[in-house]
Amino acid sequence: MHTKTLAQLAQGLKNKEFSSVELTQHYLDRIEKSDLNAFITVTDELALIQAQAADDKITKGNASVLTGIPYAHKDIFCTQGVKTSAGSKMLDNFISPYDATVSHKLNQADLVMLGKANMDEFAMGSSNENSYFGDVKNPWDKTKIPGGSSGGSAAAVAARLSAFATGTDTGGSIRQPASLCGITGLKPTYGRVSRYGMIAYASSLDQAGPMTQTAEDAALVLNVMAGFDEKDSTSAERDVEDYTASLNDSIKGLTIGLPKEFFSEGLDDEVASQVMAAVKEFEAMGATIKEVSLPNSAYAIPTYYIVAPCECSSNLSRLDGVRYGYRCDDPKDLEDLYLRSRSEGFGEEVKRRIMIGAYALSAGYYDAYYLKAQKTRHLISEDFKKAFKDVDVIMGPVSPTTAFDLGSVKDSVSMYLADIYTLSANLAGLPGMSIPAGFAQNLPVGLQLIGNYWSESKLLNIAHQFQQQTDWHTQIPEEKD
Amino acid sequence: MSLSQEQVSQIAYLARLSLSKSQLESNTKDLNNILNLAEQLAQVNTDNIEPMAHPLHMSQRLREDNVSEKDQSELFQSIAPQTGKDHYLVPTVIE
């Protein structure tokens, strides 16, 4: 059953080829046998209760499109009554008293939560090595990283431990692990999916989206996740389209922009040739290729690594050992309580980003760092505006290399450099995707698609048409017992 | 420009973090590396460029000033490290 796509599973449930309880148990058995560490919490009892309720609805004939489909939920989304850790010791004891809007929507659609997926602590990381709950392994090669921060989500989908997964993307955290694990990942336009109850890292960049086998599956899941939410003050007041409606449209006449800055030094040759082969495939399908320039994209890394830490230092100040989360033993006074709860509760990378943010926002340095970064962010966004006057979609690599060895990147700055191709879309707020586009060094390579604001339907259409012509997305890592 | 260990120690304190001696050493190195990366921004000409705080040009929505949340203090306090008489408890601040 696990080799089927989400769309095929939904059809199978509807046709009563199998029940949601059978499907859920099948995935739970696979999770039990897996050694990828993709999950922080497996909610097996809850999953089987939800599956039974879904089966009842299917029997009674009042099921919706995805009723009974099992999924992995990134542990950054609050789930009422279930531990929501954000990959941190700080929230290891946090049983959320409420549901995130995304969690609520998935429940309303009768989906079955298998568990909470592993992730880099507070979504800060590109390798899933910053989780308090241990590294996640790449299912294609267990000595490699799965990417991050949605590494557990990507590994779960790639290893077929769940029909799909949720992810969040602040600087590439859906697209990069999707690329390195060989699955489809979509980061929607900023504001398309509610951030309510999604533990905040950098609020002006964070956006949730689906991680799936195919573009069609991503469209089905985005239909459930997207929508205006009055509980999120930055939620967009726009109607939700049916993202499956235009999947089959022809892409003849599509103009694809290739930013020359995305193909310069630092990009692995084999990754580059897989990406170019995919672009050629689009050409064969009737698309036109055009070179574009994003001259300020080189500054995406310093811009992001000022803006995001500033927002995180502010967002994470609420974690102080008073109202919820970790509190140190025997605090001798209030200051000791704050200092030790935060120092013992946060991991190293989180502390680094909090300190960078605290410094960049402090009096005397604000103009040189934060304000300067916000201005550069504007220039990065203007580059895209210009490019989209000439092209319908921008394509390029997601990550400069394939998945690297666990433990091999030791310093923060080297890790940050791997985010070069994904950060710009977050800074501008644009939607982006990663779709499987081949293999290099026997590891998956993703093709990145960046679209104009609110062009999720177009991106999904382009990705779906590619997946009608290629079979990279159907490849599954070999299972060795 | 680079940060000294004393400055890093002060920054950590501002963020209510305490660092051991070895952490202070490694963090001073890391923070300086990150700030060196950030120095690249000085090369960008941002004269007359507006700062962009947010990707969407939207204004804050307003609503009527009515009570819209129900009182769930008991539920929310049930996950607190220490509470008493409807309050969150911390070590004594004023004797």
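In this Cβ point-charge picture (+1 for Lys and Arg, -1 for Asp and Glu), segment A:304-361 has a dipole of about 180 debye about its Cα centre.
In this assembly, the A-B interface accounts for approximately 5200 Å² of buried accessible surface in total, computed with a 1.4 Å probe and without ligands, DNA or RNA. Here the protein assembly as shown carries DSSP beta bridges of which approximately 70% are antiparallel, counting only pairs with both residues inside. Taking Lys and Arg as +1 and Asp and Glu as -1, the other residues whose beta-carbon sits under 15 Å from that of A:Arg327 total -1. With the simple spin-label model, which puts each label point 7 Å out from Cα in the Cβ direction, the A:Gln475 to A:Asp330 separation comes to 5.7 nm.
Protection proxy ranking, highest mean first, for peptides A:70-82, A:425-437, B:63-75: A:425-437, A:70-82, B:63-75, where packing is the per-residue count of other beta-carbon atoms within 10 Å, averaged.
With θ taken as phi - 60° and the Karplus curve 6.51 cos²θ - 1.76 cosθ + 1.60 applied, the whole-hertz 3J(HN,Hα) list for segment A:444-453 is x, 10, x, 9, 8, 10, 10, x, 6, 3 Hz, x standing for glycine and proline. In whole angstrom, note down how far apart the Cα centers of segment A:398-464 and segment A:177-256 are. Here the answer is 15 Å between Cα centres. Using only the C-alpha atoms, the convex hull of segment A:88-241 corresponds to 105 Å³ per residue. The mean number of Cβ atoms from other chains found within 10 Å of a Cβ in peptide A:90-102 is 1, as a whole number. Cross-link partners of A:Lys252 among lysines, defined as those whose alpha carbon lies under 19 angstrom from its own and excluding same-chain residues fewer than eight positions apart: A:Lys280, A:Lys290, A:Lys389, A:Lys458.
Taking the protein heavy atoms of chain A in the context of the full set of protein chains, the accessible area attributed to carbon and sulfur is 47 percent at 1.4 Å.
Mean partner shielding of peptide A:203-209, defined as the number of other chain Cβ atoms within 10 Å of each residue Cβ, is 1. For the protein assembly as shown, the solvent-accessible area of protein heavy atoms averages 40 Å² per residue (probe radius 1.4 Å; ligands and nucleic acids excluded). From largest to smallest, the equivalent ellipsoid semi-axes obtained for the protein assembly as shown from the alpha-carbon gyration tensor read 35, 31, 22 Å. The ellipsoid equivalent to the alpha-carbon distribution of segment A:1-155 has semi-axes of 27, 18, 12 angstrom, derived from the gyration tensor eigenvalues as √(5λ) and listed largest first. First measure r as the distance between the Cβ atoms of A:Lys252 and A:Asp29, then evaluate 1/(1 + (r/R0)^6) with R0 = 35 Å and state the FRET efficiency to the nearest 0.05. The formula returns an efficiency of 0.20 here. Shown is the FRET efficiency for B:Asn32 and A:Asn15, computed with R0 = 45 Å from the Cβ-Cβ distance and rounded to the nearest 0.05: 0.15.
Could you tell me which of the pairs A:Lys4/A:Lys142; A:Lys332/B:Lys29; A:Lys14/A:Lys137 are separated by over 26 angstrom between their Cα atoms in the structure shown? Over 26 Å Cα-Cα: A:Lys332/B:Lys29; A:Lys14/A:Lys137.
The calculated FRET efficiency for A:Lys142 paired with B:Asn48, based on their beta-carbon distance and R0 = 60 Å, is about 0.70. Here the Karplus relation 6.51 cos²θ - 1.76 cosθ + 1.60, evaluated at θ = phi - 60°, turns the backbone of segment A:192-198 into coupling constants of 6, 10, 4, 9, 4, x, 9 Hz, with x for every Gly and Pro.
Compactness of chain B was expressed as the Cα radius of gyration divided by 2.2 N^0.38 Å, which yields 1.81. Note on segment B:6-84 and segment A:276-333: Cα centroid distance 14 Å, given to the nearest whole angstrom.
The mean count of C-beta atoms from other chains within 10 Å of the C-beta of residues in A:375-381, rounded to a whole number, is 6. By the helix-only formula, in which each DSSP H run with n ≥ 4 contributes -39500 (n - 2.57) and the sum is divided by residues, chain A has a 222 nm mean residue ellipticity of -11500 deg cm²/dmol.
The values are calculated or read from the model by the stated rules, or taken from the named source; none is laboratory data. For clarity, every value in this text was computed on a predicted model and none was experimentally measured. Note that each Cβ is placed from the backbone with ideal geometry, even for glycine, and that neighbours are counted across all protein chains shown. Note: accessible area is taken over every heavy atom of the protein model, side chains too, but ligands, DNA and RNA are not part of it. Shrake-Rupley method; radii C 1.70, N 1.55, O 1.52, S 1.80 Å.
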